[in-house]
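To start, the structure under review is shown below, and the notes come after it.
The values are calculated or read from the model by the stated rules, or taken from the named source; none is laboratory data. These numbers come from a predicted model, not from an experiment. Every residue, glycine among them, receives a Cβ derived from its backbone with ideal geometry; neighbour counts consider all protein chains shown. Quick note on the areas: whole protein, heavy atoms, side chains included, nothing else; ligands and nucleic acids left out. Shrake-Rupley method; radii C 1.70, N 1.55, O 1.52, S 1.80 Å.
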Amino acid sequence: SMVQVGDGELWLGGRTGVERRRMSDGTLIERLPPEGGSPGITPRSEVRTLLRDPAGVIWVGSYGSGLMRHVPPLPGLSLVKNDLALWRRFGDLDVRSVLQLQDRSIWLGTQSAGVLRLNEALEPVGGFLDGGPQRTRLGRIAAMAQTPAGAIWLSVENELMRVDASGRWQQSIS
């Protein structure tokens, strides 16, 4: 995964954690490794998705560390933690995609546990595990996008699904 930060910097996520590189020549600025360091400071496994929100915060979704964020001008990443009992139904928090909606809430698309919705205070406020007219259990949520009109498109396995901001199914395209 990759996200552009400002005019001259790229953040790259992958099996080696997160790398910050200069856009002009690819020079490494900083590496946040997948192992080591203080717990909660660096991703502890593969980074699957990066998102830069309108405020400049970098959101990092990973397998193993769940959701992290970088809030400029603070250094490094911080692990987003809340009431773990509310997160347990989402398994190991294998975060495959991150989307910030127009209302500033955050949606986390997971490998096998549907979508988890967080409010602006990053508290879990809901989610959904199934969708479509037959309420089929959702698989891997690879990507998400919101239209200017507010609908949310989800890339789910081999299907494209449209839901409203509450997660109610509206349309599927195979």
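With a 1.4 Å probe rolled over the protein heavy atoms of all chains, the accessible area of 116, 160 falls in the order 160, 116, largest first. Between residue 122 and residue 166, the simple label model (points 7 Å from Cα in the Cβ direction) yields a spacing of 2.8 nm.
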